[in-house]
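Asker: Okay, here's the structure, questions in a sec.
Nothing in this text is a laboratory measurement; each read-out follows from the coordinates by a stated rule. Quick caveat: nothing in here was measured; it's all calculated off a predicted structure. Glycine gets a Cβ as well: all are built from the backbone with ideal geometry, and neighbour counts include every protein chain shown.
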Amino acid sequence: MSFKELLINRKTLTTYEYKWWPIERGYNNRTLYINVGNGEIKEKPVSQQMKDKFIGGKGFGLRLLWDATKPDTKWDDPENEIIIAPGPVAGITQYSGAGKSLLVSISPQTDSIMDSNVGGYFGPFTKFAGFDALELQGKADKDVIIYIDGTNHKIEVFEDPGFSTDSHILGEELTEAFSENEKDARNIGIVSTGAGAEHSLIGMVNFTFWDIKRKKIRLKQAGRGGIGTVMRNKKIKAIVTRIAGVSGNLNNVADMDAIIERGRSYTKTMNDLDDKQNQMRKKGTANIVNVMSDYDLLPTHNFKYGSHKDAIKIHSDLLRDKYFTLGINDGCWIGCAMQCAKGVDDFKLRTGPYAGTLVIVDGPEYETAAGLGSNIGIFDYESIIETNFYCDTYGICTITWGTIVAFLMECFEKGIINKEITGGLDLHFGNIDDSLQLLHQLARGEGFGKMAGLGIRKLKKIFAEQYGADPNFLQDIGMENKGLEYSQYVSKESLAQQGGYAMTNKGPQHDEAWLIFMDMVNNQIPTFEKKAEALHYFPMFRTWFGLMGLCKIVWNDVTPENNKYTDEPAKIPEHVDNYVAVYNGVTGNHIDKHEMIRQSERVYNFQRIFNIRRGFGLRKHDAQPYRAAGPVTIEEYESRAERYDKQMRELIGIDPEGKTILEKIVITRKYREDQYERLLDAVYKRRGWNNNGIPTLEHLKNIGMDLPELIEVVSPLQ
């Protein structure tokens, strides 16, 4: 039976017809609510207050989730939601990087509020179909597929008639089933996950789109926080949106000329400078693998080290010269000049259920190359790419998985776990075959792989309670904060980046603040006050991209030639001005760069209070594992002994001569932990929060977020 025949024989559970109207200056002014449990489908109006306070994207997702849940709602309760929202700027094709969507949900890993961004076509397509956000609630009895028909203006929920599970196959099947012909395949956007998400807490979500040059589907990932697990818990197998096509001005913007002017300027910058700067078109985000190694920032052996003698074997030039397909449009949204969504074509798999088949692999991105490579002791792109593929199709976050496996490998080498516990798996650093078997086990829901899918926070508890491990040591080396695994940068020598990880609302992800070079390499923010200012501005500025549906990479990975001569080169002032102009051009509003930050502050503080409402969001939740700050083990100290000894003399004021390594570790730790606490004080003050990390009433009033429901949460805690 063909996939179209499979579709014809589907069992429809509920349908809903709606009236379509054109987008107005970036907004449909309505969202779509679907409850897969009781079959309810309805439209919700978007108020002016919602646009003013929450803007779009992540802001809309947070507002809808707040209204839908209670303080004690669990991630697997039917009332938990997944919200997908692209933002008012998303969908334009005249400025690069405008295809992002934000997903928001209660996380299985953290029990707090998770947001994750993703490229691909689904978000803009759903917007063009008529809706500013898609709100999913309830639990189905059987696997269901949701179809948003933007051509006939109809919503349908039907039982899965037997499509595949894993994303690389499911995407192909659904694209073939729903498109009229090959040309029409470009009008299909799909959301799915995979078998791994069904058996773990770390499931991610794939956004599928059709690559018109390769004539294949591509996958982009919303990786963080287990939202794919929520999706499978609701028995949503896939969501499909279909539109008639993309033409010049579907957003019906206020000033297209202004947007085109800025888009041309940025494209010229890319054309002129990409080869000289980062080679994003040839290497994608993996261009910095070797750079991170050169600066001792490449996570190696569970973040113990920042470089390795074999790091040259995963130099980014190898991806450019041997693996990535070049000379092809690799954007994950139409019109993006950066084209950094690189892919490996016709890669032959050697393990797992698809062994021997040729597949396209998206990436590896930098985080994947580091997490599935150096951090677990793998210095071989064949192995990294294979693991990358299986994580994607199984619906497993590569960042999370890399950090989990690195933790397990250190525990194995320390004797905390052994082959008896792992079911025979040898998890020494560098064992690619057994680490792949661990991943395949997870996808099957069996063996030690299923335990690994619980994440580091739960593994620490199990290892301490069942295997007698030292909980303090596990806390030190378990690279998670708030229940979310660390993304792939060594933050030991950048106090600001330590804050940029552990002070995040959702957990340690680099999309809020990447300050390592400003802080560690260039020493641009030497004082606590300057670090606090950076940890105010950059998380707020980066939050703004998630409100709009924009990609952050386009902002700072290729910069104008004169940028280094500006007053604030780290902010890339020309690009900031571009974004203000693009937003105003879409919406007809008249904000400046200062109001841009205030827009983000409102949403950022809302998310902080949302976490507080759920019992999180306090100072104690911003604590970091010590390995993020300094050396835990003797070998770790010895690997940088000259540096640490020098710092002990010059910064701490203690002569290391004659002291044992363990004594030096204790002295270094006391100093570094004190530095982090002082950083918390400075950042909280700058953000308008009290000493426990709670937004003050005065600050909420100043930014226009003194909403009654927020005041109710924070007033008793002032």
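Asker: Would you mind estimating how fast segment 560-718 diffuses translationally, via Stokes-Einstein at 10 °C and 1.306 mPa s with the Kirkwood radius over Cα pairs, in µm²/s?
Answerer: 81 µm²/s
Asker: If segment 209-317 were replaced by its equivalent ellipsoid, with semi-axes equal to the square roots of 5 times the Cα gyration tensor eigenvalues, what would those be, largest first, whole Å?
Answerer: For segment 209-317, the semi-axes come out at 34, 27, 14 Å.
Asker: Which value at 222 nm does the chain reach when only helices count, each DSSP H run of 4 or more adding -39,500 (n - 2.57), with the total divided by all residues and rounded to the nearest 500 deg cm²/dmol?
Answerer: For the chain, the value works out to -11500 deg cm²/dmol.
Asker: Starting from the Cα gyration tensor of segment 92-235, multiply each eigenvalue by 5, take the square root, and state the resulting semi-axes largest first in whole Å.
Answerer: Here the semi-axes work out to 23, 18, 15 Å.
Asker: Something else: So what does log10 I(q)/I(0) come out to for segment 309-383 at q = 0.11, 0.23 Å⁻¹, using the Debye formula with one equal point on every Cα and no solvent?
Answerer: Log-scaled intensity ratios, in q order: -0.32, -1.15.
Asker: Using θ = phi - 60° and the Karplus form 6.51 cos²θ - 1.76 cosθ + 1.60, what ³J(HN,Hα) does each residue of segment 212-217 get, whole Hz, x for Gly and Pro?
Answerer: Taking θ as phi minus 60°, the curve returns 6, 7, 7, 6, 9, 7 Hz for segment 212-217.
Asker: I need the trypsin sites (Lys or Arg not before Pro) found in segment 310-393, filtered to DSSP loop residues with at most 16 other beta carbons within 10 Å of theirs.
Answerer: Of the trypsin sites (Lys or Arg not before Pro), the ones in loops of segment 310-393 whose Cβ has at most 16 other Cβ atoms within 10 Å are Arg350.
Asker: What is the set of long-range amide H partners of Cys336 at a cut-off below 5 Å, with H atoms built 1.01 Å from backbone N?
Answerer: Answer set, sorted by chain and number: Gly97.
Asker: Restricting things to alpha carbons, find the Rg to Rh ratio for segment 490-579 using the Kirkwood radius for Rh.
Answerer: On the Cα set of segment 490-579, Rg over Rh gives 0.95.
Asker: List, in the order given, every pair from Lys74/Lys139; Lys70/Lys100; Lys42/Lys139; Lys19/Lys154; Lys4/Lys216; Lys309/Lys460 whose Cα-Cα distance in the structure shown is over 20 Å.
Answerer: With Cα atoms farther than 20 Å apart: Lys70/Lys100; Lys309/Lys460.
Asker: With a cut-off of at most 15 other beta carbons within 10 Å, and DSSP calling the residue loop, which trypsin sites (Lys or Arg not before Pro) in segment 401-444 qualify? Please list them.
Answerer: Passing sites in segment 401-444 are Lys414.
Asker: Same structure, new question: For the pairs Lys237/Lys282; Lys220/Lys276; Lys646/Lys685; Lys304/Lys664, flag any whose C-alpha to C-alpha distance is greater than 23 Å.
Answerer: Over 23 Å apart, Cα to Cα: Lys237/Lys282; Lys220/Lys276; Lys646/Lys685.
Asker: Which three lengths, in whole Å and largest first, does the chain cover when its Cα atoms are put on their principal axes?
Answerer: Computed over the chain, the largest-to-smallest principal extents equal 79, 57, 54 Å.
Asker: Based on the Cβ-Cβ distance from Lys4 to Ile328, what FRET efficiency comes out when R0 is 41 Å, to the nearest 0.05?
Answerer: Step by step, r from the Cβ atoms, then E = 0.90.
Asker: Oh, and also: Stokes-Einstein D for segment 466-541 at 37 °C, 0.692 mPa s, Kirkwood Rh over Cα pairs, in µm²/s?
Answerer: D = 248 µm²/s.
Asker: While we're here: Take segment 642-707, compute every pairwise Cα distance, and split them into 10 Å bins from 0; I just need the percent in each bin.
Answerer: The distribution over segment 642-707 is 19, 32, 17, 17, 12, 3, given as percents.
Asker: Please report, for the Cα atoms of segment 27-115, the Rg to one decimal and the Dmax as a whole number; what are they, in angstrom?
Answerer: Taking only Cα atoms of segment 27-115, I get Rg and Dmax of 13.9, 44 Å.
Asker: Could I ask something else about it? Quick query: amide H of Thr14 versus all other amide H atoms, modeled in the peptide plane; which residues come in under 5 Å with a sequence gap of 5 or more or a different chain?
Answerer: So Thr14 has HN proximity to Val157.
Asker: Now for a separate question. Could you give me the ³J(HN,Hα) list for segment 373-382, computed from phi with Karplus coefficients 6.51, -1.76, 1.60 and θ = phi - 60°, whole Hz, x at Gly and Pro?
Answerer: Whole-Hz 3J(HN,Hα) from phi for segment 373-382: x, 4, 5, 10, x, 9, 10, 7, 5, 4.
Asker: If I take every Cα pair under 8 Å that is 6 or more residues apart in segment 3-242, average their sequence separation and divide by the length, what percent do I get for the relative contact order?
Answerer: Relative contact order for segment 3-242 comes out at 24 percent.
Asker: Report the Rg/Rh value for segment 285-485, based on alpha-carbon coordinates and the Kirkwood definition of Rh.
Answerer: Reported Rg/Rh, Kirkwood definition of Rh: 0.98.
Asker: What trypsin sites (Lys or Arg not before Pro) in segment 612-665 are in a loop by DSSP, with at most 15 other Cβ atoms within 10 Å of the Cβ?
Answerer: Lys659
Asker: To continue, here is another question. Can you tally the net charge around Thr504? Count Lys and Arg as +1, Asp and Glu as -1, for every other residue whose Cβ sits under 9 Å from the Cβ of Thr504.
Answerer: -1
Asker: What's the Cα-based Rg to Rh of segment 3-242, Rh via Kirkwood?
Answerer: On the Cα set of segment 3-242, Rg over Rh gives 0.93.
Asker: Still on this structure: Projecting each Cα onto the charge dipole of segment 3-242 (Lys/Arg +1, Asp/Glu -1 at the beta carbon, about the Cα centre), which of Ser116, Gly196, Ala238 comes out farthest on the positive side?
Answerer: Positive-most Cα among the choices belongs to Ser116.
Asker: Report the one residue of Ile553, Leu679, Asn605 whose Cα lies farthest in the direction of the positive end of the charge dipole of the chain (charges on C-beta: Lys and Arg +1, Asp and Glu -1; origin at the Cα centre).
Answerer: Toward the positive end, the furthest listed residue is Asn605.
Asker: Would you mind giving the three semi-axes, in whole Å and largest first, of the ellipsoid equivalent to segment 107-171 according to its Cα gyration tensor?
Answerer: One finds semi-axes of 21, 19, 14 Å for segment 107-171.
Asker: Give the cross-link partners of Lys313 among the aspartates and glutamates, using a straight C-alpha distance below 17 Å as the criterion and excluding same-chain residues fewer than 8 apart.
Answerer: Straight-distance partners of Lys313: Asp294, Asp296, Asp321, Glu365, Glu367, Asp380, Glu382, Glu386.
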